[in-house]
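Engineer: Pasting a structure below so you can have a look.
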Amino acid sequence: QSFYGLRIGAAFKSSPHSSRDRSNSSEQPATRDKRAANPTLAIMSWCTIESDPGVFTELVEKFGVKGCEFAELYSLDDAELATHAPVYGLVFLFKWTGERDDRPCLDADSAPPGLFFAKQVVNNACATQAILGCLLNSADAEGLELGSTLGDLKTFSLELPYDMRGLAIENSE
């Protein structure tokens, strides 16, 4: 299991993981070329991304987001969170075991106004979905710029029911 925190602000200290060469994208150029030549491929599947804060940060930068960085957290205690403050979102990554969890979930009727939640409809997009949730629910944070891609997605889908928001994300370029 891994925990990642989204930090927002003008400048951040580098974490050991974010200092990697982030030019090594998880999507190979040949895959991008195939997707460009055949738009159907973009709709059928998404590329799996590495669970790494540097990769997450690079992904959101490619979306046009400015002023945020992801950092790996080693615990969720107050001291650890304070070293990364301010933290605006958490991404929890666990290996899926197929077990059913019968705990009650928040339903659409009882969600707080303005909360962005989208039903995941794309397989293997858990981290990306969590990242979008963190960003779109932190859109008003000082120092964060969503950029036009995510700003337009949020504006377009905000009044949609959560299952249709998932389809909006799935069909976004």
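The values are calculated or read from the model by the stated rules, or taken from the named source; none is laboratory data. In this text the structure is predicted, and so the values were computed from the model without any measurement. Note: accessible area is taken over every heavy atom of the protein model, side chains too, but ligands, DNA and RNA are not part of it. Shrake-Rupley method; radii C 1.70, N 1.55, O 1.52, S 1.80 Å.
Engineer: For CYS47, what accessible surface area do you get with a 1.4 Å probe? Give it in Å², rounded to 10.
Structural biologist: That residue has around 50 Å² of solvent-accessible surface.
Engineer: Expected output is a single nm value to one decimal: the length gained when fully extending between PHE156 and ASP109, i.e. 0.36 nm times separation in residues minus the C-alpha distance. What is it?
Structural biologist: Length gained, PHE156 through ASP109: 14.9 nm.
Engineer: Treating cross-link reach as a plain straight distance, find the aspartates and glutamates whose alpha-carbon is under 19 Å from the alpha-carbon of LYS95, omitting any fewer than eight places away in the same chain.
Structural biologist: Partners found: GLU50, ASP52, GLU72.
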